[in-house]
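Here's the structure we're looking at; comments come further down.
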Amino acid sequence: MARYVFITGGVVSSLGKGLASAALGALLQARGYSVRLRKLDPYLNVDPGTMSPFEHGEVFVTDDGAETDLDLGHYERFTGVAARQTDSVSSGRIYTNVLEKERRGDYLGKTIQVIPHVTNEIKDFIEIGDDEVDFMLCEIGGTVGDIEGLPFFEAIRQFAQDRPRGQCIFMHLTLLPYIAASGELKTKPTQHSVKELRTIGLQPNVLVCRSEHPIPQKEREKIALFCNVRKEDVIAAPDLKSIYEAPLAYHREGLDQAVLDAFNIAPAPKPDLSVWHDVADRIFNPEGEVKVAIVGKYVQLEDAYKSVSEALTHGGMANRVKVKVEWVDAEIFEHEDPAPYLEGFDAILVPGGFGERGTEGKIKAAQFARERKVPYLGICLGMQMAVIEAARHLAGIESAGSEEFDHEAGKKRFEPVVYHLKEWVQGNHTVQRKADDDKGGTMRLGAYTAVLKEGSKVAKIYSATEIEERHRHRYEVDIKYREQLENCGLVFSGMSPDGRLPEIVEAKDHPWYIGVQYHPELKSKPFAPAPLFRDFIRAAKENSRLV
Ligand code: GLN
């Protein structure tokens with residue numbers, strides 16, 4: 001039976017609850033425990049898959065094909081534990097399950113209510129895989145007091161009651177605002193948010209307080225007194241220079257000790273933090289810098305490409321360089337020459353994306369990188385753009401484009417070098433799709449195998465001939481153009497095992513020009529950088545003549 005840590009937030013959102021949860025997961029692992037992290041999101045979407053990146057940031061995809069919150073990316077990056085479908089749930093999913101059961105008649109004529117039916121559904125979800133790990137860390141999205149959050153708070157209260165005493169604890173994250181005029185950290189919002197929690201029957205065991213300044217002893221005592229926790233359980237969470245410092249910083253502040261104390265685990269096993277010391281050393285002591293341009297559409301919101309920017313950082317750590325990322329809005333190139341914007345970068349990355357807006361600019365960026373021999377990594381849409389670019393400018397298919405844009409515009413303007421994928425093989429069955437299918441959860445999602453061509457650049461980079469990477473796309477490069485493109489130097493160096501779906505393309509006469517249909521960024525970790533990002537940054541470093 002696992003022990004449970006429920007992580008809630010108060011005062012304001014975006015305090016770094018996901019990061020605190022992930023760091024705690026890493027610290028418990030460092031003490032020899034196994035962990036799994038979960039996110040319970042109160043919004044009514046069934047999953048974030050249909051939300052705009054502007055609304056919700058990146059959609060993180062798991063091996064088993066769930067479209068989840070970006071916090072699951074933090075969990076994986078800090079613990080290395082691959083998340084699953086059952087690690088992310090929303091009110092929308094919970095209510096859908098309850099209503100489906102009601103329609104089936106599973107409730108035997110009962111009146112369906114939030115308590116117990118919705119709360120039971122939440123509790124059942126929380127304990128999936130209960131016997132697999134030592135600690136289950138469950139983060140509740142949003143802040144205490146949100147209307148949508150109430151069933152989740154009630155469910156975790158009941159859950160802790162149902163379990164033997166001492167098996168569940170509550171960790172609450174708050175903010176201590178700093179009032180410059182009086183030079184004081186204010187504890188009142190924290191007091192109120194804990195009061196709010198206690199009204200619904202939850203007493204936090206550990207309080208994590210974000211603050212720009214160290215918490216003076218007097219304030220610590222005040223928080224302890226008014227919030228009914230021990231002084232040692234008030235953990236300061238100062239702003240950090242890098243998120244990868246979080247495990248060490250939280251350990252210094254005593255977070256893992258406070259959690260183990262709350263469970264009465266004594267003596268606590270000693271932590272081995274060597275991995276995190278190495279990570280911090282690589283982050284804080286780079287031996288140079290490379291500049292990478294990310295040419296995309298959602299550039300105003302960096303969270304939209306969270307895993308991409310983290311994977312670049314990991315690639316930098318592997319090569320002991322700092323990666324300076326600049327976000328370039330692809331739409332600019334629709335009217336302007338990309339050269340003045342892109343000269344001076346050591347490498348160019350075109351990430352995933354949806355819809356036509358900005359794509360002509362991305363094609364120009366791909367062309368610039370190919371012609372100027374600048375390292376280029378095209379991810380998903382970025383690969384499709386590289387193929388369209390080569391089709392237009394090398395293979396002479398002037399009207400080459402993607403069916404995605406014709407679908408949007410409702411007319412046929414392009415020769416569909418990239419087409420709407422309607423059938424593919426998953427394991428031992430065939431998945432089928434129609435043009436008018438629902439949008440939610442119907443893409444080609446999750447881990448699929450790619451077979452790499454022997455002697456290719458990617459086979460060398462991965463040191464393998466078969467890889468598993470995560471996908472999230474509806475469109476696909478049409479294999480019927482393979483020969484034509486290969487004759488012009490764009491090699492299809494990775495294919496689905498049945499040889500029907502192009503997974504990777506690479507340019508022959510180019511130092512580093514690779515497009516991948518999958519998302520290599522999703523499996524990258526600071527202590528195990530994704531091979532493609534590691535080598536992309538190596539190439540950027542070479543291009544910058546740092547080596
Ligand atoms: N829009 C493209 C597709 O659906 C690319 C998706 C992506 O970049 N994740 O195939």
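What whole number of Å gives the distance from the Cα centroid of region 492-529 to the Cα centroid of region 278-297?
If we compute the Cα centre of each part, the gap is 21 Å.
What is the sum of charges, Lys and Arg at +1 and Asp and Glu at -1, for the other residues whose Cβ falls under 13 Å from the Cβ of L260?
Working: positive: R3, R31, K270; negative: D134, E232, D233, D256, D261.
Net charge around L260: -2.
I need the calculated FRET efficiency for the pair K453 and L240, taking r as the beta carbon distance and R₀ as 30 Å, to the nearest 0.05. Before the final figure, lay out the partial values.
Numbers: r = 42 Å, r/R0 = 1.41.
Rounded to the nearest 0.05, the efficiency is 0.10.
Measure out, as a whole number of angstrom, how far apart the alpha-carbon centroids of region 402-425 and region 63-115 sit.
Between the Cα centre of region 402-425 and that of region 63-115, the gap is 32 Å.
With both bridge residues required to lie in the chain, what share of the DSSP beta bridges run antiparallel, to the nearest 5%? Before the final figure, lay out the partial values.
Details: 30 of 81 bridges.
Of all bridge pairs located within the chain, approximately 35 percent are antiparallel.
So what's the net charge close to Y462: Lys and Arg +1, Asp and Glu -1, counting the other residues with Cβ under 13 Å from its Cβ?
Values: positive: K453, K457, K460, K523, R534; negative: E454, E466, E468, E469, E503, E506, D535.
With Lys, Arg at +1 and Asp, Glu at -1, the neighbours total -2.
Which of S211, S524 comes first, and how do the rest follow, when ranked by fewest Cβ neighbours within 10 Å?
Values: S211 20, S524 26.
By the 10 Å Cβ count, ascending, the order reads S211, S524.
Relative contact order of region 240-369, please, whole-number percent, based on alpha carbon pairs below 8 angstrom and at least 6 residues apart. Don't jump to the answer; show the numbers that get you there.
Working: 151 pairs, mean separation 34.6, N = 130.
Taking the mean separation of contacting Cα pairs over the length of region 240-369, I get 27 percent.
For region 251-408, place one equal point scatterer on every Cα, skip the solvent, and apply the Debye formula. What is log10 of I(q)/I(0) at q = 0.14, 0.19, 0.20 Å⁻¹?
Values returned for q = 0.14, 0.19, 0.20 Å⁻¹ are -0.75, -1.14, -1.23.
Would you please calculate the Kirkwood hydrodynamic radius of region 442-506 over all C-alpha pairs and express it in Å, rounded to one decimal?
Taking the inverse mean of 1/r over all distinct Cα pairs, region 442-506 comes out at 12.2 Å.
Using label points projected 7 Å from each Cα along Cα→Cβ, tell me how many nm separate D498 and V425, to one decimal.
0.6
Using only helices, what value at 222 nm comes out for the chain when you add -39,500 (n - 2.57) per DSSP H run of length 4 or more and divide by the total residues, to the nearest 500 deg cm²/dmol? Working shown, then result.
Working: 19 runs with 188 residues, N = 547.
For the chain, the value works out to -10000 deg cm²/dmol.
Between I479 and M1, what is 0.36 nm times their sequence separation minus the Cα-Cα distance? Round to one decimal in nm. The partial results should precede the final answer.
Values: separation 478, 0.36 × 478 = 172.08 nm, distance 4.98 nm.
So the chain would gain 167.1 nm between I479 and M1.
For region 255-335, which GluC sites (Glu not before Pro) are both in a DSSP coil and crowded by at most 11 other Cβ atoms within 10 Å? Numbers along the way, then the final one.
Numbers: sites: E287, E289, E302, E310, E326, E331, E334; in loops: E287.
Here the GluC sites (Glu not before Pro) that fit, given the DSSP loop and packing criteria, are E287.
Cα convex hull of region 1-145: mean projected area in nm², to one decimal?
Details: hull surface 38.2 nm².
Result: a mean projected hull area of 9.5 nm².
Determine the gain in length on full extension of the stretch T199-V81; use 0.36 nm per residue of separation and subtract their C-alpha separation, reporting nm with one decimal. Don't skip to the answer; put the middle values down first.
Working: separation 118, 0.36 × 118 = 42.48 nm, distance 3.49 nm.
Here the segment from T199 to V81 would lengthen by 39.0 nm.
For region 425-489, which GluC sites (Glu not before Pro) are in a loop by DSSP, counting at most 10 other Cβ atoms within 10 Å?
Values: sites: E454, E466, E468, E469, E476, E483, E486; in loops: E454.
Within region 425-489, the qualifying GluC sites (Glu not before Pro) (loop, at most 10 other Cβ atoms within 10 Å) are E454.
For E287 and T50, calculate 0.36 nm times their separation in residues minus their Cα-Cα distance, and state this gained length in nm to one decimal.
Working: separation 237, 0.36 × 237 = 85.32 nm, distance 4.12 nm.
Residue separation times 0.36 nm, minus the Cα-Cα distance, leaves 81.2 nm.
If each residue's Cβ is checked for other Cβ atoms within 10 Å, how do R84, R500, R413 rank with the fewest at the top?
Working: R84 18, R500 13, R413 9.
Arranged by neighbour count, lowest to highest, R84, R500, R413 become R413, R500, R84.
Measure of size requested: the Rg and Dmax of region 47-127, with Cα atoms as the atom set and Å as the unit; please supply both.
So, for region 47-127, Rg and Dmax equal 15.1, 46 Å respectively.
Can you list the residues of region 199-215 with backbone N under 19 Å from a point 7 Å past the Cα of I179, pointing along Cα to Cβ?
Counting backbone N atoms under 19 Å from the label point, the list is 210-215.
According to a simple spin-label model (label point 7 Å from Cα along Cα-to-Cβ), what is the distance in nm between E466 and H277?
For H277 paired with E466, the spin-label model returns 4.0 nm.
For the pairs K362/K460; K306/K523; K422/K457; K188/K218, flag any whose C-alpha to C-alpha distance is greater than 20 Å. Show your work: numbers first, answer last.
Details: K362/K460 27 Å; K306/K523 12 Å; K422/K457 30 Å; K188/K218 14 Å.
Table pairs above 20 Å Cα-Cα are K362/K460; K422/K457.
Tell me the relative contact order for region 1-123 as a rounded percent, counting alpha carbon contacts under 8 Å between residues six or more apart.
25
P(r) for region 118-268: what percent of alpha-carbon pairs falls in each 5 Å bin, starting at zero?
2, 8, 16, 20, 20, 17, 11, 4, 1, 1, 0
Mind ranking 428-434, 525-531 by how tightly packed they are, going by the mean number of other C-beta atoms within 10 angstrom, highest first?
Values: 428-434: 9.6, 525-531: 20.1.
Averaged packing, sorted descending, gives the order 525-531, 428-434.
Can you give the relative contact order of the chain as a percent, counting alpha carbon pairs under 8 Å and 6+ residues apart? Each step should come with its number before you reach the end.
Values: 1132 pairs, mean separation 81.5, N = 547.
Averaging sequence separation for qualifying contacts and normalising by length gives 15 percent for the chain.
Which of the trypsin sites (Lys or Arg not before Pro) across region 437-496 are loop residues per DSSP, with 13 or fewer other Cβ within 10 Å?
Here the sparse-neighbourhood loop sites are K439.
If I take the Cα coordinates of the chain and project them onto the principal axes, what are the three extents in Å, biggest first?
Computed over the Cα atoms, the extents are 74, 63, 44 Å.
Please work out the FRET efficiency for the pair E398 and A266, using the Cβ-Cβ distance as r and a Förster radius of 56 Å; give the result to the nearest 0.05.
Between E398 and A266 the formula returns 0.15.
Just so you know, all these numbers are worked out from the coordinates, no wet-lab data involved. From a predicted model like this one, the values you see are computed outputs, not experimental measurements. Reconstructed Cβ throughout: ideal geometry from the backbone, glycine too, with neighbour counts over all protein chains shown.
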